[in-house]
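Undergrad: There's a structure below that I have some questions on.
The values are calculated or read from the model by the stated rules, or taken from the named source; none is laboratory data. Note that this is a predicted model, so its numbers are computed, not measured. Using ideal geometry, Cβ is built from the backbone for each residue, glycine included, and neighbour counts are taken over all protein chains shown.
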Amino acid sequence: MLALVDANSFYCSAERVFRPDLNGRAVVVLSNNDGCVVSRTSEAKVLGVPMGAPWFQLRDQARRSHWDLTAFSSNYTLYGDMSRRFMSVLAQFVPPEDQSVYSIDESFLDFSKHTHLHPDATALGHTIRDRVRVWTGLPVCVGFGGTQTLAKMANHIAKKQPRWMGVCDLTALAEPALHALLSEVPVGDVWGIGRRLSAQLIDGGISTAADLRAADPKRLRERFSVVVERTVRELQGARCLGWETEPPAKKQIISSRSFGAPLYTADDLMAPVHAHAARAAEKARAQGSVAGRVGVWLTTNPFRPQDPQHTPSRSVALPSPSADTAVLAAWSTALLRSIVRPGYRYVKAGVVLDDLRPHTEHQGSLFDAPRPGRAAQADRVPSRGEEWDAKRAQLMHVLDTANIKWGSGHLGVGWSGIRAKQDWSMKRDMLSPCYTTNWDEVRAVS
DNA sequence: TCTGGGGTCCTAGGACCC
DNA sequence: TCTGGGGTCCTAGGACCC
């Protein structure tokens, strides 16, 4: 028996914890740069606010229609910390190997070895819900099923259908009741079935979760892929998906962002590209990786068809894998200069690190100074190249330590060290305080 | 004026090897 | 007329997720 616990409108709910005046009122949280709606409360949904709505359009409509709608810029520092609290409450219910944190706002719990402790899953679900609510302030729903896909389905039903009171246990239903319930769920709401597959399945006469569950997995594999086959088998109760208790190291790291205002020349673009390279390098170091490949891309604004469009990208295999900010930034800005063309209005840039591997598997370049073969030559005098590497590693360590202590971007190299607000920096006009992570922004109660 | 950012997995096809 | 069999590695593109 697996549970999926998922927070309702997570980002909005995190904001509401410290703004109880907003309970029962329409709230949205916007993407970076105050772009689109990425989280909305049920009250906002009732107003007709679609997911993904651009804020500049929504704001005008809200004004015209005199809506009571509160918007927030994304505050990932707050959401990340609230997520950590939420997950630590869930960690009390099962041993670490039976918790699988799936995203910032949802976690699977495997109770299959602990059913004797919890004979009544629905009661357990309510206990979880109440404890998370009391200890973190977050509202959550709980779904139970025999596989991850079924637990996801149960959670979805608990959220959509109020009669479940936030907890749905599919394992307690007899076959006819289960079939009837799954017949109410559109196939596109099944985990793993997106827009494209959903359209094709409906074409083929499979329009509900119940239809998909009744389908022949082998035939769907022939028609689509092994991914769809696994989804069908999971719906039928066979566990086909892996269980990850801690997030595996990233295979690719991206840092990208839209600019606050468009940029035109390579010189304009140097600072943001340099900053992305620095951020990506920092992420790579944090997981103990080095990158074998680095890439840069730019985009113009696809929503302005009247503008000439240019979305160049280019990547390069590094002579020697690296997570050094200065090295990655130098390659990135060189790539930038090779792809940017005059006369375009660029609105976004990104840096991507690929071919990530553990720094311990460091593969030197043929032309590097020779390296010793570990312990066998431990007493050997280090070469100039090795001394240099060690110094660089120390330098990066100082950089990371300083930025952890004083905040990301506080200490930087070259271009990205300039902290002054610039026109490429992100728009965040409606940012809430970091209530839980910054002493200066903690709520005062008098 | 203004439209997010970050990932994974799978498959097909091309290039290459013996 | 007729042109093998068995592989690997890499990349691009398409699908999905939050």
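Undergrad: Quick check on this structure: which one of A:235, A:220, A:298 is within 14 Å of DNA strand B (Cβ to nearest atom), within 30 Å of residue A:108 (Cα to Cα) and either modelled with pLDDT of 90 or more or aliphatic (A, V, I, L, M) (or both)?
TA: Going through A:235, A:220, A:298 in turn, just one is within 14 Å of DNA strand B (Cβ to nearest atom), within 30 Å of residue A:108 (Cα to Cα) and either modelled with pLDDT of 90 or more or aliphatic (A, V, I, L, M) (or both): A:220.
Undergrad: Please verify whether residue A:266 is within 16 Å of DNA strand C (Cβ to nearest atom), in contact with a Pro (Cβ under 9 Å, 6 or more places away or on another chain) and of a type outside the set (Val, Ile, Thr), treating the condition exactly as stated.
TA: No: the conditions fail for residue A:266.
Undergrad: Condition first: surrounded by 21 or more Cβ atoms within 10 Å (Cβ to Cβ), part of a helix (DSSP H, G or I) and of a type in the set (Gly, Ala, Ser). Now tell me which residues in the range A:122-149 satisfy that.
TA: The one that is surrounded by 21 or more Cβ atoms within 10 Å (Cβ to Cβ), part of a helix (DSSP H, G or I) and of a type in the set (Gly, Ala, Ser): A:125.
Undergrad: Looking only at the range A:180-189, decide whether some residue is among the charged types (D, E, K, R) and touching a residue at least 60 places away in the same chain (Cβ under 8 Å).
TA: Of the residues in the range A:180-189, the ones among the charged types (D, E, K, R) are A:184, A:189.
Add one more test, that the residue is touching a residue at least 60 places away in the same chain (Cβ under 8 Å), and what stays is none.
The answer is no; no qualifying residue exists.
Undergrad: Which residues, counting only those in the range A:1-19, are of a type outside the set (Val, Ile, Thr) and outside any helix (DSSP H, G or I)?
TA: Correct list: A:1, A:2, A:3, A:4, A:6, A:7, A:8, A:9, A:18, A:19.
Undergrad: What is the number of the single condition among (1) assigned to a helix (DSSP H, G or I); (2) touching a helix residue (DSSP H, G or I) at 6+ places or on another chain (Cβ under 9 Å); (3) under 30 Å from residue A:21 (Cβ atoms) that residue A:113 does not meet?
TA: (3)
Undergrad: Right, here's the next one. Among the residues of the range A:255-271, are any within 17 Å of residue A:339 (Cβ to Cβ), assigned to a strand (DSSP E or B), among the basic types (Lys, Arg) and touching a residue at least 60 places away in the same chain (Cβ under 8 Å)?
TA: No, because not a single residue in the range A:255-271 is within 17 Å of residue A:339 (Cβ to Cβ), assigned to a strand (DSSP E or B), among the basic types (Lys, Arg) and touching a residue at least 60 places away in the same chain (Cβ under 8 Å).
Undergrad: Suppose the filter is out of contact with any helix residue (DSSP H, G or I) (no Cβ under 8 Å at 6 or more places or on another chain), over 15 Å from residue A:170 (Cα atoms), more than 16 Å from DNA strand C (Cβ to nearest atom) and aliphatic (A, V, I, L, M); does residue A:238 pass it?
TA: no
Undergrad: Still on this model: Scanning the range A:20-79 for residues that are in contact (Cβ under 8 Å) with a residue 40 or more places away in the chain and assigned to a loop (DSSP other than H, G, I, E, B), which turns out surrounded by the fewest Cβ atoms within 10 Å (Cβ to Cβ)? Please lay out each step first, then the result.
TA: At the first step, the residues of the range A:20-79 found to be in contact (Cβ under 8 Å) with a residue 40 or more places away in the chain are A:22, A:25-35, A:67-75, A:77-79.
Remaining after also requiring assigned to a loop (DSSP other than H, G, I, E, B): A:25, A:31, A:35, A:67-68, A:73-75.
Details: A:25: 14, A:31: 16, A:35: 18, A:67: 17, A:68: 11, A:73: 19, A:74: 22, A:75: 21.
Per the criteria, the residue is A:68.
Undergrad: Considering every residue within the range A:298-305, establish whether at least one is free of Cβ contacts under 8 Å to residues at least 60 places away in the same chain, under 23 Å from residue A:426 (Cα atoms) and surrounded by 20 or more Cβ atoms within 10 Å (Cβ to Cβ). Working first, answer last.
TA: If we filter the range A:298-305 for residues that are free of Cβ contacts under 8 Å to residues at least 60 places away in the same chain, which is where we start, we get A:298-305.
Then keep just the ones that are under 23 Å from residue A:426 (Cα atoms); that gives A:298-304.
Next cut, surrounded by 20 or more Cβ atoms within 10 Å (Cβ to Cβ) only: A:298.
Looking through the range A:298-305, at least one residue is free of Cβ contacts under 8 Å to residues at least 60 places away in the same chain, under 23 Å from residue A:426 (Cα atoms) and surrounded by 20 or more Cβ atoms within 10 Å (Cβ to Cβ).
Undergrad: Of the residues that sit in the range A:341-361 and are in a loop (DSSP other than H, G, I, E, B) and over 26 Å from residue A:424 (Cβ atoms), which one is farthest from DNA strand C (Cβ to nearest atom)?
TA: Top of the filtered list is A:356.
Undergrad: While we're looking at this one, here's another question. Being without any contact (Cβ under 8 Å) to a residue 60 or more places away in the chain and not aliphatic (A, V, I, L, M) narrows it down to one residue among A:244, A:222; which is it? Quick ask: steps written out before the conclusion?
TA: On the way: A:244 fails: without any contact (Cβ under 8 Å) to a residue 60 or more places away in the chain.
Among A:244, A:222, only A:222 is without any contact (Cβ under 8 Å) to a residue 60 or more places away in the chain and not aliphatic (A, V, I, L, M).
Undergrad: Filter the range A:321-357 down to the residues that are touching a Gly at 6+ places or on another chain (Cβ under 6 Å) and either charged (D, E, K, R) or within 19 Å of residue A:389 (Cα to Cα) (or both) and list them by number. Let's see the steps before the verdict.
TA: Initial filter on the range A:321-357 (touching a Gly at 6+ places or on another chain (Cβ under 6 Å)): A:321, A:352, A:355.
Selection gives A:321, A:355.
Undergrad: Does at least one position in the range A:390-405 carry a residue that is modelled with pLDDT under 80 and either surrounded by 15 or more Cβ atoms within 10 Å (Cβ to Cβ) or not acidic (Asp, Glu) (or both)?
TA: no
Undergrad: Could you look through the range A:196-217, keep only residues that are within 16 Å of DNA strand B (Cβ to nearest atom) and touching a helix residue (DSSP H, G or I) at 6+ places or on another chain (Cβ under 7 Å), and pick out the one that is farthest from residue A:147 (Cα to Cα)?
TA: Looking at the filtered set, the residue picked out is A:197.
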